Amino acid sequence: MEYGQIPGVNKPISRLVQGTLMLSSQRLDEAFALLDAVFAEGCTAFDTAHVYNSGDNERTVGRWINERGIRDQVVLIGKGAHHNADRKRVTPFDIESDLHDSFARFGFDYIDIYLLHRDDPDAPVGPIVEILNQYQAAGKIGVFGGSNWSVERLEAANEYAYKHNLNPFAVSSPHFSLAVQHEPPWAGCISIAGEQGWAAREWYAQNDVALFTWSSLAGGFFSGRFRRDNIDSFSEYFDKVAVTSYCYEDNFERLERAEELAQEYGVTLPQIALAYVMSQPLNIYGLVGCNSVEEFQANMAALNLKLTTGELTWLEGTTPTA
């Protein structure tokens with residue numbers, strides 16, 4: 001396992017971050033077995049959210065951490081202030097409310113990395129920065145940032161922080177993969193993939209903001225199941241989302257190049273897709289949603305596969321392989 005450091009988080013952060021959306025307190029033995037196995041492989045970082053499974057996600061992860069007595073060894077990522085069907089919820093009130101819900105569910109009152117799950121571009125950044133700093137100063141948050149926040153909004157928030165002697169957003173969690181999103185999979189999603197994401201990636205490279213990127217496999221597009229001649233055959237919800245977001249000619253061409261490179265390296269297509277993300281010259285931590293320790297081990301092998309700049313640009317279709 002490889003680890004990184006972020007000022008304000010005084011623990012090593014595994015470059016692979018295990019997602020926990022699939023966990024359920026109704027299958028506690030199964031959930032604990034997966035978390036134990038991934039932790040034994042060296043994973044120290046775990047991604048949760050206030051909205052996942054109506055809070056059952058947080059309860060399950062919190063119970064595992066508490067029963068194992070490993071709170072000082074894991075880096076917990078929490079997310080809150082997600083929109084609901086009635087309104088956008090990126091307000092100081094909702095941030096506080098979600099934090100208190102999460103603390104109660106976890107069974108402890110400290111979150112290492114706290115992300116606002118969505119943004120509301122119409123909401124002024126000042127009160128948001130103020131309330132996050134308040135909880136950070138109280139020792140309830142290690143560092144904070146935005147999930148699906150644009151670079152422009154991050155810049156505005158951090159400019160406010162600097163002008164008012166407050167701490168800025170230190171982390172960001174956008175989508176990033178070899179495949180380009182033609183349609184956002186869900187409302188309010190921000191992607192930094194493709195040529196249109198180049199300026200954002202340059203900004204992240206130049207500024208001290210760590211990236212926790214999601215969906216390196218583009219919603220399963222890089223599983224290899226999706227082909228030009230079968231995209232009308234999918235009926236499952238997440239498969240249909242992948243079709244709408246990623247099943248376009250430019251992405252099929254990227255997929256074919258990824259298959260070619262996978263054959264050269266003797267690895268799988270998903271491993272090349274993850275290696276593409278993790279080989280970028282950025283401070284990246286990859287969110288993965290492994291359902292078994294074998295999947296996690298395959299991702300670790302992809303993490304160790306360092307693609308060259310020439311290979312990265314060739315996969316994108318920019319220049320020939322160096």
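The values are calculated or read from the model by the stated rules, or taken from the named source; none is laboratory data. Since the model is a prediction, treat every value here as computed from it, not as a measurement. Virtual Cβ from ideal backbone geometry, glycine too; neighbours counted across all protein chains shown. These area figures cover heavy atoms from the full protein model, side chains too; ligands, DNA and RNA do not enter into them. Shrake-Rupley method; radii C 1.70, N 1.55, O 1.52, S 1.80 Å.
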| message | Take the conditions small (Gly, Ala, Ser), over 22 Å from HIS175 (Cα atoms) and either at pLDDT below 95 or open to solvent by 60 Å² or more (accessible area, probe 1.4 Å) (or both) and apply them to ALA322. Does it pass? | response | yes
| said: As an exercise: evaluate ALA187 against (1) surrounded by fewer than 20 Cβ atoms within 10 Å (Cβ to Cβ); (2) of a type outside the set (Val, Ile, Thr); (3) under 30 Å from SER245 (Cα atoms); (4) free of Cβ contacts under 8 Å to residues at least 60 places away in the same chain and give the number of the one condition it does not meet. | reply: (4)
| task | Looking only at region 47-82, count how many residues are open to solvent by less than 50 Å² (accessible area, probe 1.4 Å), over 24 Å from ILE6 (Cα atoms) and in a loop (DSSP other than H, G, I, E, B). | result | 1
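Could we say that GLN263 is polar (S, T, N, Q), more than 12 Å from ALA179 (Cα to Cα) and buried (at least 16 other Cβ atoms within 10 Å of the Cβ) here?
Working: polar (S, T, N, Q): yes; more than 12 Å from ALA179 (Cα to Cα): yes; buried (at least 16 other Cβ atoms within 10 Å of the Cβ): no.
Considered against the rule, which asks whether it is polar (S, T, N, Q), more than 12 Å from ALA179 (Cα to Cα) and buried (at least 16 other Cβ atoms within 10 Å of the Cβ), GLN263 comes out as no.
Say we look at region 1-28 and pick out the residues that are part of a loop (DSSP other than H, G, I, E, B) and polar (S, T, N, Q); which of these is most open to solvent (accessible area, probe 1.4 Å)? Explain how you work it out, then say what you get.
Of all residues in region 1-28, those part of a loop (DSSP other than H, G, I, E, B) come to 1-2, 7-8, 15, 20-24.
Pick out the ones that are also polar (S, T, N, Q) and you get 20, 24.
Values: THR20: 1, SER24: 19 Å².
Looking at the filtered set, the residue picked out is SER24.
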| said: Which condition from (1) of a type outside the set (Phe, Trp, Tyr); (2) closer than 27 Å to ALA156 by Cβ; (3) in a helix (DSSP H, G or I) is the one that VAL90 breaks? | reply: (3)
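Quick grid of which residues meet (1) in a helix (DSSP H, G or I); (2) under 30 Å from ASP239 (Cβ atoms):
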site	(1), (2)
LEU154	yes, no
TYR160	yes, no
PRO168	no, no
VAL180	no, yes
PRO184	no, yes
TRP198	yes, yes
| Does region 118-132 include one or more residues that are among the basic types (Lys, Arg), farther than 30 Å from ILE272 by Cβ and surrounded by fewer than 23 Cβ atoms within 10 Å (Cβ to Cβ)? | no
| task | Examine region 265-274 for a residue that is in a helix (DSSP H, G or I), farther than 22 Å from GLY19 by Cβ and at pLDDT 95 or above, and state whether such a residue exists. | result | yes
